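Engineer: Below you'll find the structure I mean.
The values are calculated or read from the model by the stated rules, or taken from the named source; none is laboratory data. Computed from a predicted structure; not experimentally measured. Cβ placement follows ideal geometry from the backbone for every residue including glycine, while neighbour counts extend to all protein chains displayed. The area values use the complete protein model at the heavy-atom level, side chains included, leaving out ligands, DNA and RNA. Shrake-Rupley method; radii C 1.70, N 1.55, O 1.52, S 1.80 Å.
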Amino acid sequence: MSDKKILLVNNGYPSERYPNYTAYIRDMELALSRAGYRVEPLVIKYEKKISPLYKLRKYLRFWLSCLTKRGNYDFIYISHLPHVWPIMLNPFLRRRKFIIHWQGDDLAGKSTLSAITLPLAGRFIKQAVNVVPSRYFSTILNKKYPGTEVHVSPSGGVDTELFSTDRKPRKDFTIGFASALIKEKGAETLIYLIGRQKEIEAATGRKIAFNIINYGSKAEYYLKRIQQSAPDSCKVFNRMSKSRMPEFYQSIDLLLFPSQREGLGLVALEAMSCGVPVVAPDICAFPEYIEPGVTGELVEPQADEAQQNRAFLAAVIKAINSIETYSPRRIVEENYSSASVTTGYQKLLDSL
């Protein structure tokens with residue numbers, strides 16, 4: 001164990017009530033610990049139902065801690081910079097080495113906090129060591145902040161021992177959807193494909209079923225539509241802890257992942273680690289690990305939603321007919337496993 005200490009700062013952390021909330025930050029903490037560093041989290045943890053007032057109180061206390069935190073840290077490792085912005089103003093940590101790990105849409109500046117804080121943080125960002133989850137985000141960061149030091153690390157990686165290929169043979173071909181049931185994650189495409197079940201079966205000669213997880217802000221709305229259109233072919237799972245997610249991936253043959261934007265897409269990588277190929281759009285970081293005919297299929301962006309849905313239909317049919325040819329786990333083991341992330345952290349931190 002190194003005598004160097006890391007303060008890990010994030011605006012979320014899994015709790016007993018919300019075990020999947022920002023689960024990646026615990027994976028990052030474990031990877032940093034395995035790399036030999038002492039890690040102290042400075043995070044928000046929700047222990048009860050999240051109301052607006054409860055969330056505001058949590059944030060105000062968290063921001064005060066970010067502003068006043070003291071300690072003999074070698075590195076301040078920041079995740080979600082726009083949401084932890086007071087850490088930049090902390091007078092007691094100014095001489096520490098800052099590392100910024102960009103997640104999701106932080107760089108897009110779409111949230112109110114991002115729109116306010118990022119234009120003011122340019123100098124801070126350029127002086128820090130920046131870590132992004134994919135080469136896709138590395139390009140975005142370099143365009144916004146030319147000359148910035150950037151490293152790629154897939155947000156804690158995938159535990160390939162937990163997410164294993166222990167899948168059992170079954171009669172039906174099952175398509176899985178493991179994302180939140182909201183439009184941005186591709187729920188409309190899921191609904192479209194469920195409605196084309198008979199067409200898929202005719203084109204593949206396979207009986208098709210769908211496995212879906214009940215979560216997301218619009219879950220009730222989409223599950224009602226699913227129940228109305230195909231109640232017999234869809235199985236709905238309750239939301240699971242991360243440790244149980246392999247059960248879901250091992251229950252499916254193909255993962256549908258039509259998300260409109262991802263910093264990396266750990267859901268896809270977890271499924272691939274379980275030996276499940278993925279159908280996703282040819283955008284963001286997906287082309288970095290989805291190789292057509294090898295780990296899944298990519299769908300070219302189309303002019304409108306109707307054309308996009310038809311393109312997904314064609315890709316799903318192609319994947320089902322080629323299912324025996326895929327080997328998706330290998331690329332996860334080589335480039336996205338938690339072990340490879342730990343090695344990357346050791347190289348990065350030892351060089352600073």
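Engineer: Identify the residue in the stretch 163-194 that is touching a Cys at 6+ places or on another chain (Cβ under 8 Å) and either open to solvent by less than 30 Å² (accessible area, probe 1.4 Å) or hydrophobic (A, V, I, L, M, F, W, C) (or both) and, among all such residues, is farthest from A311 (Cα to Cα).
Structural biologist: Out of the qualifying residues, it is F163.
Engineer: Would you confirm whether any residue within the stretch 101-114 is open to solvent by less than 80 Å² (accessible area, probe 1.4 Å) and modelled with pLDDT of 90 or more?
Structural biologist: Yes - at least one qualifying residue is present in the stretch 101-114.
Engineer: Pairs please, first residue from the stretch 115-132 and closer than 11 Å to M88 by Cβ, second anywhere and open to solvent by 100 Å² or more (accessible area, probe 1.4 Å), Cβ atoms under 9 Å, 6+ apart in sequence or on different chains.
Structural biologist: Matching pairs, first to second residue: none at all.
Engineer: For the stretch 196-224, how many residues are within 19 Å of A180 (Cα to Cα) and not in a strand (DSSP E or B)?
Structural biologist: 10
Engineer: Quick one: Y289 ticks every box in (1) under 18 Å from the mean Cα position of the chain (by Cα); (2) closer than 29 Å to N130 by Cβ; (3) open to solvent by 10 Å² or more (accessible area, probe 1.4 Å) bar one, so which box is it?
Structural biologist: All conditions pass for Y289, except number (3).
Engineer: Checking the condition under 24 Å from L107 (Cβ atoms) and modelled with pLDDT under 95, which residue from Q260, Q302 passes?
Structural biologist: The conditions single out Q260.
Engineer: Let me ask something additional. For the list (1) part of a helix (DSSP H, G or I); (2) open to solvent by less than 20 Å² (accessible area, probe 1.4 Å), I need the number of the one condition that F124 fails.
Structural biologist: Failed condition: (2).
Engineer: Moving on to the next point. Being touching a Leu at 6+ places or on another chain (Cβ under 9 Å), touching a residue at least 60 places away in the same chain (Cβ under 8 Å) and open to solvent by 10 Å² or more (accessible area, probe 1.4 Å), is that true of even one residue in the stretch 230-241?
Structural biologist: no
Engineer: Got at least one residue in the stretch 153-162 being in contact with a Cys (Cβ under 6 Å, 6 or more places away or on another chain), at pLDDT below 95 and within 24 Å of S259 (Cβ to Cβ)?
Structural biologist: No - not one qualifying residue is present in the stretch 153-162.
Engineer: Still on this model: Determine which member of the set Q250, Q197 is surrounded by 16 or more Cβ atoms within 10 Å (Cβ to Cβ) and touching a Lys or Arg at 6+ places or on another chain (Cβ under 6 Å).
Structural biologist: Unique residue meeting the criteria: Q250.
Engineer: Then there's this: Please tell me if T160 is among the hydroxyl-bearing types (S, T, Y), out of contact with any Leu (no Cβ under 8 Å at 6 or more places or on another chain) and either open to solvent by less than 50 Å² (accessible area, probe 1.4 Å) or touching a residue at least 40 places away in the same chain (Cβ under 8 Å) (or both).
Structural biologist: yes
Engineer: Then there is this: Please find, among Q302, Q308, the residue that is farther than 17 Å from I200 by Cβ, open to solvent by 10 Å² or more (accessible area, probe 1.4 Å) and of a type in the set (S, T, N, Q).
Structural biologist: Answer to the check: Q302.
Engineer: Still on this structure, please answer the following. Out of Y18, Y37, Y77, Y46, report the one residue that is more than 23 Å from D159 (Cα to Cα) and either modelled with pLDDT of 95 or more or surrounded by 14 or more Cβ atoms within 10 Å (Cβ to Cβ) (or both).
Structural biologist: Only one candidate passes the filter, namely Y46.
Engineer: If the Cβ limit is 7 Å and pairs must be 6+ apart or interchain, which residue in the stretch 33-47 that is closer than 17 Å to L67 by Cβ pairs with which residue that is among the polar types (S, T, N, Q) and part of a strand (DSSP E or B)?
Structural biologist: V43/N10
Engineer: All but one of (1) outside any helix (DSSP H, G or I); (2) over 22 Å from L348 (Cα atoms) hold for I99; which doesn't?
Structural biologist: All conditions pass for I99, except number (2).
Engineer: Pick from the stretch 259-276 the residues that are surrounded by fewer than 24 Cβ atoms within 10 Å (Cβ to Cβ) and not charged (D, E, K, R): which of them is nearest to T139 (Cα to Cα)?
Structural biologist: G263
Engineer: Here is a further query. Got a sec? Which helices (runs of 4 or more DSSP H) wholly within the stretch 225-329 have at least 3 residues that are within 25 Å of Y21 (Cα to Cα)?
Structural biologist: Ranges flagged: 245-249, 266-273.
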